[in-house]
Amino acid sequence: MIHRRKSKVIKIGNSFIGGNNDILVQSMLKIPSYDIESNVSQAKDLESNGCQILRVSIPDKNSLDLIYNLKKNVKIPIVADIHFDYNLAIESVFAGADKIRINPGNIERSNLKKIIEVCKVKNVPIRIGINSGSIEKKFLREFENSSDSMIASALESIKFFENLGFNNIVLSLKSSDVNECIYLYEKISSLCNYPLHIGVTESGTEKSGVVKSCIGIGSLLSRGIGDTIRVSLTADPIKEIELGYQILKSLNLCSGVEVISCPTCGRTTIDVRGLADSVERMTKNIKKNLKIAVMGCPVNGPGESRNADFGITGANGMGIIFKKGQVVKKVPEESLIEELKKMIYLE
């Protein structure tokens, strides 16, 4: 049983981050902001695939139209990602953004104060995002390593916000180094009670990024650290959402179907890979907690996966459906998925 760190609860749109609320999975639009139609289409796809918070880059004033259009077309909260130009942050709030993400080190304190005042009036939360690539120079000079610099920068930013009477804060300290990420979040989690957005930034391609994200995000979640997550991949953002949920499911931190499957061996005479892929597609939108096993050996399969709610296996053209390790039905292999689907939906 994972005991989650207790954090302050922050409202974003119609959702809540922190406390005992669900750990929210988010992603980011990856299309140039001037292409409104394509961005709206991608946003809809992400929402339909389970994205719970959507971040969008706002590099210039023309990008503000994207916020208006996203708010008209999707229901999930929209986060405006701002660098350098404080006016864009303020105008994003008036355009309807549900949260602002800024790196305080990129904005002068006098202008940062203006953003805070507007967000305070509009009750819009701010994510203080500290990245290893954009640490304030004074902290780099003061500390010997980037980790301590980032911690110091985060704490000073929090103090600045709080002194202005603003505590509607979500915090992130991201690095592309997995060990540094784990250290940063473990450290800051003991120094403040704000909800934490976690992830390994710039983790890489779908191949390497999956490994780094699973290790980094999974390690933190297993320690009870993290209130919202983003898997950062150089890939289709829907893959970020899918992997985010897989990480949460593997730790029993969200509801849904967990599919387990054997790696196969010389005894296998059934298409385990194809069946497992089909089961994942078929159960993608099922919200109830179920564990489904796809096994390659009709001799050992049911026994090895006796803790699964349902399972399938077979050999030589025949399939077996089992429940809690007990065989309940034998069907032709080509009917396995359809028959399993019937049993799941009758449950």
Taking R0 as 56 Å and r as the Cβ-Cβ distance between LYS122 and SER222, the FRET efficiency 1/(1 + (r/R0)^6), rounded to the nearest 0.05, comes to 0.95
Please determine, in degrees from 0 to 90 and to the nearest 10, the orientation of helix 336-346 with respect to the longest principal axis defined by the Cα atoms of the chain, where the helix direction is its Cα long axis.
70 degrees
Of the listed values (1) 1.00; (2) 1.12; (3) 1.27, identify the label whose number matches Cα Rg over 2.2 N^0.38 Å calculated from this model.
(2)
Which listed residue (ILE270, LEU243, SER255) has the Cα farthest towards the positive end of the charge dipole for region 233-284, taking +1 on Lys and Arg C-beta and -1 on Asp and Glu C-beta about the Cα centre?
ILE270
With everything on Cα atoms, drop me the angle between helix 237-250 and the longest principal axis of the chain, reported from 0 to 90° to the nearest 10.
70 degrees
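Please give the charge dipole size of the chain, origin at the Cα centre, charges +1 on K and R Cβ atoms and -1 on D and E Cβ atoms. Round to the nearest 20 debye. Write down the numbers at each step before the final one.
Working: 46 positive and 39 negative charges, 204 e Å.
Approximately 980 debye in magnitude.
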Rounded to the nearest 500, what is the 222 nm mean residue ellipticity of the chain from helices alone, with -39500 (n - 2.57) per DSSP H run of 4+ residues and division by all residues?
-12500 deg cm²/dmol
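With Cβ to Cβ distances under 12 Å as the rule, what net charge do the other residues near ARG5 carry (K, R +1; D, E -1)?
On the way: positive: ARG4, LYS6, LYS8, ARG223; negative: GLU186, ASP227.
Surrounding charge for ARG5 is +2.
Shape of region 79-209 from its Cα gyration tensor (a ≥ b ≥ c, root eigenvalues): rounded if a/c is under 1.5, otherwise prolate when a/b > b/c, or oblate? Mind dumping the intermediate values first?
On the way: a/c = 1.75, a/b = 1.42, b/c = 1.23.
Cα axes put region 79-209 in the prolate bin.
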Do you know the relative contact order of region 83-213, to the nearest whole percent, from alpha carbon pairs under 8 angstrom that are 6+ apart?
20 percent
Using a 7 Å offset from the Cα along the Cα-to-Cβ direction at both VAL327 and LEU164, what is the distance between the two label points in nm, to one decimal?
6.9 nm
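Over region 257-346, what is the relative contact order in percent, taking alpha-carbon pairs closer than 8 angstrom and at least six residues apart? Please report the intermediate quantities before stating the final value.
Values: 169 pairs, mean separation 21.7, N = 90.
About 24 percent, as a whole number.
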What is the calculated FRET efficiency for LYS6 to LYS71, with r their C-beta to C-beta distance and R₀ = 41 Å, to the nearest 0.05?
0.80
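What is the extension gain from ASN87 to GLU334, computed as 0.36 nm multiplied by their sequence separation minus the C-alpha to C-alpha distance, in nm to one decimal?
Contour length minus the Cα-Cα distance gives 83.0 nm.
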Overall form of region 42-113 per C-alpha gyration tensor (a/c, 1.5; a/b vs b/c)
prolate
Let's test the formula: R0 of 35 Å, r as the Cβ-Cβ distance of MET318 and VAL211. What FRET efficiency results, to the nearest 0.05?
0.40
Residue separation between SER41 and LYS288 times 0.36 nm, minus their alpha-carbon distance, gives in nm 86.1 nm
Measure nothing fancy, just the Cα-based angle from helix 178-189's long axis to the longest principal axis of the chain, in degrees from 0 to 90, nearest 10.
60 degrees
Rounded, prolate or oblate, given the Cα gyration tensor of region 257-346, with a/c below 1.5 counting as rounded?
rounded
Around LEU88: net Lys/Arg minus Asp/Glu count, Cβ-Cβ under 11 Å
-3
For the chain, what is the relative contact order in percent, using Cα pairs closer than 8 Å and at least 6 residues apart in sequence?
13 percent
Given the Cα-Cα distance of LYS114 and ASP148 and 0.36 nm per residue of separation, how much length would full extension add, in nm?
9.5 nm
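Here, each number is a calculation from the coordinates, and none is a lab measurement. If you're wondering where the values come from, they're calculated on a predicted model, not measured in any experiment. Neighbour counts are summed over all protein chains in view; Cβ atoms, including those assigned to glycine, are modelled from backbone coordinates with ideal geometry.
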